[in-house]
Amino acid sequence: MRFLPCDYAVGNLGRSPVRLAMSLLGSTLVVILVIAAAAFIRGMEQSLAQSGSPRNVMLLGAGSEESIERSEISASVPGQATASIRGIKTRLGVPFVSPEVHMALGVGTSADEETSTQAVFRGVTSRAFLVHPQVRMVEGRAFASGEDEVIVGELASVRLGLPDDRLAVGRSIWVDGRAFTIVGRFAAPSTVMNAEGWCPVTDLQILTRRDSLSCVVLTMGEGEFADANAFTATRLDLELIAMRETDYYRKLSAFYQPVRMMVWTTALLIALGGVFGGLNTMYAAFAARVREIGMLRSLGFGRRAVVVSFVQESVLTAAGGALLGAMVCLWLLDGIAVRFSMGAFGLILDGPTIVVGLLAGLVLGLIGSLPPTLRCHRLPIT
């Protein structure tokens, strides 16, 4: 069977500039939406997956496995855990044990401003930098205890909806009506910590009027998770549970599964709208070229050849729109961070995300062309 040359399909693309522009625009918009949805989901998943370290174990209050903010444990737990759990990693005699307080607090930029915007603050000691190696200082210095000082992550301004220079080193923020001076900025790429504020644990305890901790994070060296789990099982008076840090963030990721499904459902509905729009365009193109198709059939080209030629035109148009949509996303969305729940994360436009968008564009062109082209089989040459 003879097929029409590809040059024929390429040449036909420019016969109707208006129809070509509409097809390109529809494909571009669908691909932009699909890439944005994929970048959003990958950014969320990676921020949760990379927040935990495989060798880290969290000691939480019993019953607080799903929310570290609700956890309360005794301030004596860090010392007891250090003395009782064998195999904790040490460096120069310093154990990798970090007592922490996690709180969602209202933040303002002045004493009179309403603190309706909340952000997660983490009260820590200097040992937090040992157990959280993802965190590194990029500007300024670490905080000093008792001085009402705080360091903020790179995405803290996104979480608070403020210009980035408003959280510059030397500026002040009001946390629950109390002024804290920003003395440093840190980076923890692709983690939830990147949108947090860190301050001395004692300062945060005084601010929130609590004497308990939220958790203790420790890094295992020669020991294993079973050693920490045995400690919590034998010290029933402390009402603790041991949990791998990676397991905690995995459960948190599962909690947000409905959000990811909603994003994909929205993208799918918009893509279906694009498919139906493509169907209308292709049906209009078919109706306008019935005589042309009859002429091709009379010249000896079979139904399959005509169908393939129509599919080629549609896929080429969709491919052009997909490439245009991918370039627009790389231009507009790369490096963009979005607020989510109590944190923020950056959209991830990596290879798999772009491939998903390009494939969506090609599938759109293929599906949108099949129904009208199959109609060729039912029309006689006359």
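The values are calculated or read from the model by the stated rules, or taken from the named source; none is laboratory data. Please read these numbers as outputs of a predicted model, since none were measured by experiment. Cβ atoms come from the backbone with ideal geometry, glycine included; neighbour counts cover every protein chain shown. Heavy atoms of the whole protein, side chains included, go into the accessibility calculation; ligands, DNA and RNA do not. Shrake-Rupley method; radii C 1.70, N 1.55, O 1.52, S 1.80 Å.
Taken over the range 329-382, the residue count meeting the criterion of being under 17 Å from the mean Cα position of the chain (by Cα), over 21 Å from V30 (Cα atoms) and among the charged types (D, E, K, R) is 1. Summed over the range 231-265, the residues that are in a helix (DSSP H, G or I) and among the charged types (D, E, K, R) give a count of 6.
One residue alone among A104, A119, A128 is touching a Leu at 6+ places or on another chain (Cβ under 8 Å) and under 22 Å from L48 (Cβ atoms), and that residue is A119. Among the residues of the range 300-340, those that are farther than 17 Å from G368 by Cα and free of Cβ contacts under 8 Å to residues at least 60 places away in the same chain comprise L323, M327, L330, W331, L332, D334, G335, I336. Inspection of the range 346-362 identifies at least one residue that is open to solvent by 20 Å² or more (accessible area, probe 1.4 Å), within 30 Å of M103 (Cβ to Cβ) and small (G, A, S).
Scanning the range 234-255 for residues that are within 15 Å of G61 (Cα to Cα), touching a residue at least 40 places away in the same chain (Cβ under 8 Å) and open to solvent by 20 Å² or more (accessible area, probe 1.4 Å) yields R235, L238, E239, I241, R244.
Table: residues versus (1) touching a His at 6+ places or on another chain (Cβ under 6 Å); (2) outside any helix (DSSP H, G or I); (3) touching a residue at least 24 places away in the same chain (Cβ under 8 Å); (4) open to solvent by less than 10 Å² (accessible area, probe 1.4 Å).
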| residue | (1), (2), (3), (4) |
| --- | --- |
| A21 | no, no, no, no |
| G26 | no, no, yes, no |
| I32 | no, no, yes, no |
| A36 | no, no, yes, no |
| F40 | no, no, yes, no |
| P54 | no, yes, yes, no |
| V57 | no, yes, yes, yes |
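When V131, V150, V169 are screened for being surrounded by fewer than 20 Cβ atoms within 10 Å (Cβ to Cβ) and at pLDDT 90 or above, only V169 passes. Within the range 118-127, the set of residues being buried (at least 19 other Cβ atoms within 10 Å of the Cβ) and in a strand (DSSP E or B) comprises A119, V120, F121, R122, G123, V124.
Look at the range 306-348 and say how many of its residues are of a type in the set (K, R) and over 26 Å from A49 (Cα atoms).
Residues meeting the conditions: 0.
Applying the condition of being outside any helix (DSSP H, G or I), touching a residue at least 60 places away in the same chain (Cβ under 8 Å) and charged (D, E, K, R) to the range 66-108 and asking which residue is surrounded by the most Cβ atoms within 10 Å (Cβ to Cβ) yields E100. For the range 353-373, does any single residue satisfy the condition of being polar (S, T, N, Q) and modelled with pLDDT under 85? Yes, the range 353-373 contains a residue that is polar (S, T, N, Q) and modelled with pLDDT under 85.
On the basis of being assigned to a helix (DSSP H, G or I) and out of contact with any Leu (no Cβ under 7 Å at 6 or more places or on another chain), does P371 make the cut? No.
Residue under question is E45, and the condition is that it be within 15 Å of the chain's Cα centre (by Cα) and acidic (D, E); does it hold? For E45, the condition - within 15 Å of the chain's Cα centre (by Cα) and acidic (D, E) - is met.
For the range 172-193, the set of residues classified as of a type in the set (S, T, N, Q), closer than 16 Å to G343 by Cβ and open to solvent by 10 Å² or more (accessible area, probe 1.4 Å) consists of S190 only.
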